[in-house]
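The values are calculated or read from the model by the stated rules, or taken from the named source; none is laboratory data. Worth saying up front: this structure is predicted, and the values here are computed from it rather than measured. Reconstructed Cβ throughout: ideal geometry from the backbone, glycine too, with neighbour counts over all protein chains shown. Heads up: the accessible areas ignore ligands, DNA and RNA and are worked out on the full protein's heavy atoms, side chains in. Shrake-Rupley method; radii C 1.70, N 1.55, O 1.52, S 1.80 Å.
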Amino acid sequence: MRNFAAILEREVKSYFLSPLAYVVIFFFLAVSGIFFYLILSNFVEMSLRATMQAQMYRMMPPKLNVNMMAIRPMLHNMALFALFFLPLVTMKLYAEEKKTGTIELLMTSPVTDSQVMLGKYTAALVLYTVMLALTFVYMIFLFIYGKPELGPILSGYLGLFLLGGAYLAFGLFFSSLTENQIIAAASTFAFILLFWAIGWVSGFVSASVGRVLEYFSLIEHFDDFAKGVIDTKHIVFYLSFIFMGLFLTYISIQSARWRGAK
Amino acid sequence: MIEVKHLSRNFGAVQAIQDISFEVQKGEIVGFLGPNGAGKTTTMRILTGYIPATSGTAKVAGFDVQEQSLEVRKRIGYMPENPPVYADMTVDQYLNFVAKIKGVDGKVRKSKVDEAMEKVGITDVGKRLIKHLSKGYRQRVGLAQALVHDPEVLILDEPTIGLDPKQIREVRTLIKGLAGQHTVILSTHILPEVSMTCQRVIIINKGKVVAEDTPDNLTARLAGNERLVMEVEGPADAVTQTLQAVPGVQNISVDRANGDGRIQLTVESSAGTDLRKELARTVVNNGWGLLELRPVEMSLEDVFLHLVTEEEEVAN
């Protein structure tokens, strides 16, 4: 536990001592902020128009659901932005240590490979949690000017956390395969994109194959969270995805040891 | 303290080390000598638990490096060839982190870190970022890192590489000072380093141990024939022929024959004989000029080259 904590502490510090954390957080917030503004102004315009129409026909103004019309698309957008930014968070975790040779220190110290791996993974989760927590500020604006339901927001953030955790687990895996950070980030991005879009082809193949492909789609499982539904089957899906990523990372580290490769 | 038996390691089709066996007693300083690519680093990496061996066993302080890797790693301080330092940390932060993962207790951590920094002389750069340090200082941070948990065994891969002459001397003195309390294995391809710091030398070439002894014994044992260097003024052919006839001379080779009548010769005779008087008398009696006559001691360098070349001939 102390070893895990030491690795975690070093990795988190290293994120926040280098510009990387700030750059990733800044751009993630900037892009989400712009989209939040666009979605929200669109929503305000729509509700204004609906109110005017209602007045024209002397009807009750309709109650537009801010959860459905603003928050849900916003959560989907953030899931997409995380796809772009999280590979940048994990790319250095192993690749940099392999390049500089510090991996030799970790692998000859009395810490287990899984302690190192979990320390690194948790550090990436901490940074991602900070990113998510800061976007929560946007939601606070909605509470000031409207009455959104808190439940679906929280379940949406839980979904984002699990989805991002899956990205990070495979990011860690790809980082463990190479000493080149660019290659690590690019392959992570390509891999996640594949599993993101895998459900799209379901229309072109037979129904049974389509259902299987859809099941593997990362984003397919997210929709229920965004709607406010917490279904264990989705949680299990994301957790198994995370487990798979970490398991492959572990195998890759062990294999590098046996091969004597870095 | 360290017991290596029939250790081999392959990388694909390449055999990095083959059937290496040796022992190191507690408190000894042992030098690993060998040309680049001889298998020094591979052997050290197996001992530190960085990579497993293909076959054979190695024990450190009674623990098997493969089966009880964590126990072994607790007792080893390892400095790889490139110091494993995090550029974005300060020296203090870095050593503190290393102390933590090496299992140094929180209460004594600070004093242990200070102690290690003092030993290698980096107390004044504690607050500096490692990326701003010179190569020599980084090397010493790497050494401090290996010492911080006061390990029983120190494994140092080319510890003086990249240092300036003054620092090299300091590091050698430091390593010598570790004898007794720590068991040290250091690798190098710089020969004087071995004769200066190590009590015992293991020469490795092409993945095999070719010799193992104290530096003095090695030179004595492998010196074999006595050799003398002579410089004589006289006709080259006549001189060699006459000297060849001196009883006890086994072989004469002309190293240099300038046109000015001076020739330089190497005279070999069997071990334990001293032909200086005979040779001098012969030269003078023939009316030639004796300009120089001195015995050649075989240096560790010669021994090393001798062994390495021999090995090559066998392979060919």
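Just a few scattered comments:
- Considering the stretch A:169-262, its Cα convex hull presents a mean projected area of 7.4 nm².
- Peptide-level mean, for A:107-120, of C-beta atoms on other protein chains within 10 Å: 5
- HN-Hα J in Hz across the stretch B:249-254 - Karplus 6.51, -1.76, 1.60, θ = phi - 60°, x for Gly and Pro: 6, 9, 7, 10, 10, 8
- With only the Cα atoms considered, the stretch B:225-297 has a convex hull volume of 74 Å³ per residue.
- The stretch B:173-189-the stretch A:112-158 distance, computed between alpha-carbon centres (Å): 51
- Ranking B:Asn36, A:Phe189, A:Gly165 by how far each Cα lies toward the positive end of the dipole of the protein assembly as shown (charges on Cβ) leaves A:Gly165 at the top.
- The stretch A:1-90, Rg to Rh (Cα coordinates; Rh as Kirkwood inverse mean 1/r): 1.28
- Cα centre as origin, Lys/Arg/Asp/Glu Cβ charges: the stretch A:1-141 dipole, Debye: 420
- Put simply, the amide H of B:Leu291, placed in the peptide plane, has neighbours under 5 Å in B:Glu231, B:Val232, B:Glu233, leaving out anything fewer than 5 places away on its chain.
- Estimated [θ] at 222 nm from DSSP helical runs (n ≥ 4, -39500 (n - 2.57)) normalised by residues in the protein assembly as shown, nearest 500: -18500 deg cm²/dmol
- Dipole check for the stretch B:225-297: with +1 at the C-beta of Lys and Arg, -1 at the C-beta of Asp and Glu, and the Cα centre as origin, the magnitude is about 120 Debye.
- Test item: Cα-centred dipole of the stretch A:138-262, Lys/Arg +1 and Asp/Glu -1 on Cβ, debye: 360
- Averaged over B:44-56, number of beta-carbon atoms from partner chains that fall within 10 Å: 3
- Straight-line cross-link partners of B:Lys131 among the aspartates and glutamates, defined as a Cα under 15 Å from its Cα and at least 8 positions apart when in the same chain: A:Glu96, A:Glu97, B:Asp88, B:Asp92.
- Computed over the protein assembly as shown, the ratio Rg/Rh where both radii use C-alpha atoms and Rh is Kirkwood: 1.21
- Radius ratio Rg over Rh of chain A, counting only Cα atoms, Kirkwood formula for Rh: 1.06
- Ordered by solvent-accessible area of protein heavy atoms (1.4 Å probe), largest first, the residues A:Phe36, A:Phe161 come out as A:Phe161, A:Phe36.
- Taking chain A as the region of interest, the number of lysine pairs whose Cα atoms are within less than 15 Å, with members eight or more places apart or on different chains, is 8.
- Cut-off under 5 Å, modelled amide H: who pairs with B:Ile29 long-range: B:Val184, B:Gln199, B:Arg200
- J(HN,Hα) series, the stretch A:37-48, from Karplus relation 6.51 cos²θ - 1.76 cosθ + 1.60, nearest Hz, glycine and proline x: 4, 4, 5, 5, 5, 4, 5, 5, 5, 5, 6, 5
- Considering only Cα atoms, the convex hull volume of the stretch B:1-149 works out to 129 Å³ per residue.
- Translational D in µm²/s for the stretch B:140-196 (Stokes-Einstein at 10 °C, 1.306 mPa s, Kirkwood Rh from C-alpha pairs): 136
- Sorted largest first, the spans of the alpha carbon positions of chain B along the three principal axes are 82, 44, 34 Å.
- Within the listed set B:Gln241, B:Gln139, B:Gln181, the Gaussian network model of chain B (springs between alpha-carbon atoms below 10 Å) gives the highest mean-square fluctuation for B:Gln241.
- Average other protein chain Cβ within 10 Å of Cβ, residues A:91-102: 2
- Angstrom value of the Kirkwood radius, inverse mean 1/r, which spans all Cα pairs in the stretch A:68-216: 17.3
- Integer Hz, Karplus 6.51/-1.76/1.60 couplings in order for the stretch A:242-255, x for Gly and Pro: 4, 4, 4, x, 5, 4, 5, 4, 4, 4, 5, 5, 4, 5
- One Cα centroid belongs to the stretch A:184-262, the other to the stretch B:72-140; the line between them spans 40 Å.
- Kirkwood Rh in Å, taken over all unlike Cα pairs in the stretch A:120-205: 15.2
- Whole-percent P(r), the stretch A:1-41, all Cα pairs, 5 Å bins from 0: 6, 21, 15, 15, 12, 11, 9, 6, 4, 1.
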